[in-house]
Amino acid sequence: MDSISRRIKIGFICMSVMLVCLFFISMGVGSADISVMDIIKSLVNPGDVYMGKIIVSIRLPRIIGAIVLGGALSVSGFLLQVFFGNPIAGPYVLGISSSAKLFVALSMVFLLGRGVNISSLVLVVSAFVGSLIAMAIVMSLSQKVRSMSLLVVCGVMIGYICSAITEFVVAFADDTNIVNLHNWSLGSFSGISMDHVVVSSVIVIIAIVFTILFSKPIGAFQLGENYARNMGVNIKRIRIVLILLSSILSATVTAFAGPISFVGIAVPHIMRGIMKTAKPLVMVPACFLGGAIITLFCDGIARTAFAPTEISISAVTSVFLAPVVIYLLVARKEAARG
Amino acid sequence: MDKSIQLSELNVGYGQTVVLNDVNISVAPGEIVCLIGANGAGKSTVLKTITGQLKKLGGVVYLDGNDKDAMTESDVAKSVSMVMTERIHPELMTCFDVVATGRYPYTGRLGFLEDSDKSAIYEAIEMVGASEIINKDFSKISDGQRQRIMLARAICQDAGVMVLDEPTSFLDLQYKLDILGVIKRMAATKNVAVLMSIHELEFVPAIADKVIGIAGDEVYVAGTPEEVLTGENLEKMYGMKPGSGDVICSGLWNYSTSIKRLL
């Protein structure tokens, strides 16, 4: 008991320190290197420092975006894992991110084609609708497909279908505004503005607060529906809560940064390993912190590794996190045999 | 006499298919009632209908005189605890954590355990004799120990009714005796009404105040163990050859007398 709670405390402290360090490193490193002192000065008063404007108007939103959205993505993955009662679940591998992407692309092309400007909220709402539709498909498949691994294969296929349709949509819409869509549709924080950051932070913070308020029934749900019902949990309500919260979180990420691969499935697994507990009250903040760290780190690599060329963030997260997913699939199979 | 649980003209089944009609069972505080019958006779169906896993197809379930349908989820949770055959697969939970989930209806919004919750948890763990494994990972203990923990979990839920579905199946002899001993003591000291299904008829006389025998699509016989466990009834319930029921019964009663002395 005590050793676990000490472990949790140390885990949170270490991750917080890592996140702060990564924040300053990411602010400083890039096409122009800036010292820590200059970063702090420019955060206080951007006009005083050479390059201060670059930091505050370009790097800062991107970095906060990576922190908030990376955290949101991991929490979304954790909620999906609770919902399906299985660690092999996440918004990307179940095709939810790609479906959200398709709906965002469709509404962009449709509205831009009519000369309507798109607000951040419209992006989120279209992504949310896309997420819910994919979730409905995955849920109906899960009635038929008992094996989680098979469900993931189905999810990946849904993802491919959605990505293919998105490519068609983007290719046939020759508006210059759509050019940006290409970067975004592969997953990238490069186009994110301070306006996006504000909207996504508000949504994500509200969703996380709700998740924490529901952590008690979510924890009961981890014991399976029947025992949760016996504990007094309203099963219908908690299922709806899990679907809505996981969808709104992953939809917000997709709306502003496109689909980011494997963070949602791998981070909760890594956090369970670090914290040695699966309690939602610990896992939700831990997944948020862990997701923020990993996403910020991967985004840093995406923009600096082959500078001045940027690579998509999914390319980086895939390299680091896909092996974790493979490990999960293999370990799971062994457990089933034993 | 007030009944902790009363099933009134209950029809149970899966979906639209009725398995048992017109089930009338009542259990008083401190009383143990055993449900017996062949595989697939509908014992689990009755128990799952009480716990809400299955929708009832007719009739009423009364808990302490109140219609269960009119009660809140939380009040039902405080009235009925359960140990079912379904295995749970909690991740990274110690035995203490699993038992603690029984306190769910009593904890606050975020589920933090108060001192009263903790003492109820420790008391329940002591009652089932699982104090040594309290900090072990639930997924790494034996079936027998797991059943003890699930029983402790149900005990600390502090409900007036406990429903158990074959709590002794797949356990070795000593674990069977242990588990049934705990159930018996718990029913007596905490005044809990126990409704359980069981396959091992030899344990029934030692533990049951009342026995309900299921056959066909209805309650076939109800009464004391002496009234129910007769050769004729066994032949009917388990579809045995004529005459074989009496052969079984003579041995059964000998064995159960020995068990009675141990429990």
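Once R0 is set to 30 Å, what does the formula 1/(1 + (r/R0)^6) return for the Cβ-Cβ distance between B:Glu91 and A:Phe306, expressed as a FRET efficiency to the nearest 0.05?
0.15
What is the percent carbon and sulfur in the accessible area of the stretch A:180-338, measuring with a 1.4 Å probe over the protein chains and ignoring ligands?
Roughly 69 percent of what the probe reaches on the stretch A:180-338 is carbon or sulfur.
With 10 Å bins from zero, work out the P(r) of the stretch A:1-150 over every alpha carbon pair and list the percent per bin.
Here the calculated profile for the stretch A:1-150 is 9, 24, 24, 27, 13, 3, 0.
Report the label-to-label distance for A:Val145 and A:Ile240 in nanometres (one decimal), using points 7 Å from each Cα along the Cα→Cβ vector.
Each label point is offset 7 Å from its Cα along the Cβ direction, giving 2.7 nm.
How much length would be gained if the chain were fully extended between B:Tyr122 and B:Asp69, taking 0.36 nm per residue of separation minus their Cα-Cα distance, in nm to one decimal?
Additional length available on full extension: 15.8 nm.
First measure r as the distance between the Cβ atoms of A:Val209 and B:Asp143, then evaluate 1/(1 + (r/R0)^6) with R0 = 41 Å and state the FRET efficiency to the nearest 0.05.
That gives a FRET efficiency of 0.50.
So how far apart, in nm, are the two label points at A:Arg7 and A:His182 if each is 7 Å from Cα heading toward Cβ?
4.8 nm
Calculate one ³J(HN,Hα) per residue across the stretch B:156-172 by plugging θ = phi - 60° into the Karplus curve 6.51 cos²θ - 1.76 cosθ + 1.60, and present them in order as whole Hz with x for glycine and proline.
Result, rounded to whole Hz: 6, 6, 6, 9, x, 10, 10, 10, 10, 9, 6, x, 9, 5, 6, 9, 7.
In nm, to one decimal, how far is the modelled label at B:Glu227 from the one at B:Phe112, with both set 7 Å along Cα→Cβ?
5.3 nm
Tell me, what ³J(HN,Hα) does each residue in the stretch A:183-200 have, in order and in whole Hz, if you take phi through Karplus 6.51 cos²θ - 1.76 cosθ + 1.60 with θ = phi - 60° and put x for Gly and Pro?
With the stated coefficients, the stretch A:183-200 comes to 4, 4, 5, 9, x, 6, 9, 5, x, 7, 10, 4, 4, 4, 4, 5, 4, 5 Hz.
In whole percent, and with a 1.4 Å probe on the protein chains, what portion of the accessible area of the stretch B:115-186 is carbon and sulfur?
With neighbouring chains kept in place, the figure for the stretch B:115-186 is 49 percent.
Hey, got the dipole for the protein assembly as shown? About the Cα centre, +1 on K and R Cβ, -1 on D and E Cβ, debye to the nearest 20?
Dipole about the Cα centre, nearest 20: 1160 debye.
Heavy-atom accessible surface, probe 1.4 Å, ligands and DNA/RNA ignored: which residues of the stretch A:1-31 lose at least 40 Å² versus the isolated chain?
Residues of the stretch A:1-31 that lose at least 40 Å² of accessible area once the other chains are added: A:Met1.
How much accessible surface area, in Å² rounded to 10, belongs to the heavy atoms of A:Phe78 with a 1.4 Å probe?
In the full protein context, A:Phe78 sits at about 0 Å².
With Cβ to Cβ distances under 15 Å as the rule, what net charge do the other residues near A:Val82 carry (K, R +1; D, E -1)?
Computed value for this residue: +3.
Once the whole set of protein chains is in place, how much accessible area is left on B:Trp253, using a 1.4 Å probe, in Å² to the nearest 10?
70 Å²
Using helices alone, I'd like the mean residue ellipticity at 222 nm for chain B: each DSSP H run of four-plus residues gives -39500 (n - 2.57), total over residue count, nearest 500.
Only helices count here, giving -11500 deg cm²/dmol.
Name the residue farthest towards the positive end of the dipole of the protein assembly as shown from the options A:Ile165, A:Ile34, B:Ile36, assuming +1 on Cβ of Lys and Arg, -1 on Cβ of Asp and Glu, about the Cα centre.
Final value for the positive-end residue is A:Ile34.
Take every DSSP beta bridge with both residues inside the protein assembly as shown and express the antiparallel ones as a percent of the total, to the nearest 5.
55 percent
What's the whole-number percent of alpha carbon pairs in the protein assembly as shown lying beyond 48 angstrom?
It works out to 27 percent of all Cα pairs.
For a quick check: with amide H placed at 1.01 Å from N, whose amide H comes under 5 Å from B:Ala222's, ignoring anything fewer than 5 positions away on the same chain?
B:Gly213
Can you list the residues of the stretch A:192-220 whose accessible area drops by at least 30 Å² going from the chain on its own to the full set of protein chains, with a 1.4 Å probe?
A:Leu213, A:Lys216
Before I look further, what does the protein assembly as shown give for accessible area per residue, probe 1.4 Å, in whole square angstrom?
44 Å²
How high is the relative contact order of chain A, in percent, with contacts defined as C-alpha pairs under 8 Å that are six or more residues apart?
30 percent
How about the stretch A:35-136: which trypsin sites (Lys or Arg not before Pro) there lie in a loop by DSSP and see at most 12 other Cβ atoms within 10 Å?
A:Arg114
Need one number: convex hull volume per residue for chain B, Cα atoms only, in Å³.
131 Å³
For a label point 7 angstrom out from the Cα of A:Ala32 toward its Cβ, which stretches of the stretch A:42-83 have the backbone nitrogen within less than 14 Å?
A:42-43, A:46-60
What FRET efficiency would be calculated for the residue pair A:Ala331, B:Ser169, taking the C-beta separation as r and a Förster radius of 41 Å, to the nearest 0.05?
Computed FRET efficiency for A:Ala331 and B:Ser169: 0.85.
Compute for chains A and B the buried accessible surface, both sides summed, probe 1.4 Å, and express it in Å² to the nearest 100.
For chain A against chain B, roughly 2500 Å² becomes buried.
In the stretch A:266-297, what residues drop by 50 Å² or more of accessible area when the other protein chains are put back, versus the chain on its own? Use 1.4 Å, and skip ligands and nucleic acids.
A:Leu281
The values are calculated or read from the model by the stated rules, or taken from the named source; none is laboratory data. No experiment lies behind these values; they were computed from the predicted model shown. Don't worry about glycine lacking a Cβ; one is built from the backbone with ideal geometry, like all the others, and counts go over all protein chains shown. Only protein heavy atoms, including side chains, enter the accessible area calculation; ligands, DNA and RNA are left aside. Shrake-Rupley method; radii C 1.70, N 1.55, O 1.52, S 1.80 Å.
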